[in-house]
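Please read the structure below before turning to the comments.
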Amino acid sequence: MEALEPRIEGVIFTPLRRIPDERGTIYHMLRRTDPHFVEFGEIYFTSIYRGIVKGWHRHTDMTLNYACIWGRIKLVLADQRDGSPTAGAIVERFLGPDEYSLATIPPGIWAGFKGMDDVSIVANCATHPHDPNRTERLDPFSGDIPYRWDVLHR
């Protein structure tokens, strides 16, 4: 029997298209005609260095759409929503050249990511402009979310 990948209700991972040629590469991310597109609020890019963790954070209203356009990250999502059919689930996914995908993360999901290359760049096309009053944060090493960010030997 094949093991099923853990999932979180409402989280979608969509493979993205890259179009390389001798001039460079086009990296697709999100189109308003995509079935998972909700609305446009803002887009920003964040860089992260190897071994650094950005997270935990969750948004009250905002859906996140993450794509790692340079380098590689370990994205970790945790569902602590009351009444969610996947409450308690934690999903770990590596985004970058090995898996160029869009991670669509609905409101209420705890998110964090760790840089896996010297410098990685993550694009976020969010459904709302960022409002710090509508965002919660946790220390990624507090243990409030049962996840260890160190390298696991599997």
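Every number here is computed from the coordinates shown, using simple stated rules; none is lab data. What you see is a predicted model, and the numbers here were worked out from it, not measured in a lab. Here the Cβ is made from the backbone with ideal geometry for all residues, glycine too, and neighbour counts use every protein chain on show.
Could you tell me which of rounded, prolate or oblate describes the range 96-154, using a ≥ b ≥ c as the square roots of the eigenvalues of the alpha-carbon gyration tensor, with rounded for a/c under 1.5 and, failing that, prolate when a/b is larger than b/c and oblate otherwise? Oblate is the answer for the range 96-154, as a/c is 1.5 or above yet b/c matches or exceeds a/b. Highest mobility in the GNM of the chain, judged by mean-square fluctuation with C-alpha springs under 10 Å and restricted to Leu102, Leu77, Leu16, is found for Leu16. Electrostatic tally near Ile48: other residues with Cβ closer than 13 Å to its Cβ, Lys and Arg +1, Asp and Glu -1, net +3.
Using the Karplus relation 6.51 cos²θ - 1.76 cosθ + 1.60 with θ = phi - 60°, the per-residue 3J(HN,Hα) values for the range 103-110 come to 9, 9, 10, x, x, x, 9, 6 Hz, with x marking Gly and Pro. With springs connecting C-alpha atoms under 10 Å apart, model the chain as a Gaussian network and identify which of Ala89, Ala126, Ala78 has the largest mean-square fluctuation. Of the options given, Ala89 has the highest mean-square fluctuation. When both the range 124-154 and the range 53-95 are represented by their alpha-carbon centers, they are found 7 Å apart.
Out of every Cα-Cα pair that the range 24-64 contains, those further apart than 16 angstrom amount to 60 percent. Counting charges near Pro129 (Lys, Arg +1; Asp, Glu -1) among other residues having Cβ under 14 Å from its Cβ returns a value of -3.
Normalised by the number of residues in the chain, the average gap of Cα pairs under 8 Å and 6 or more apart makes the relative contact order 35 percent.
Under 17 Å from the 7 Å Cα→Cβ point of Asp144, by amide nitrogen: which residues of the range 40-67? The answer is 53-61, whose backbone nitrogens lie closer than 17 Å to the label point.
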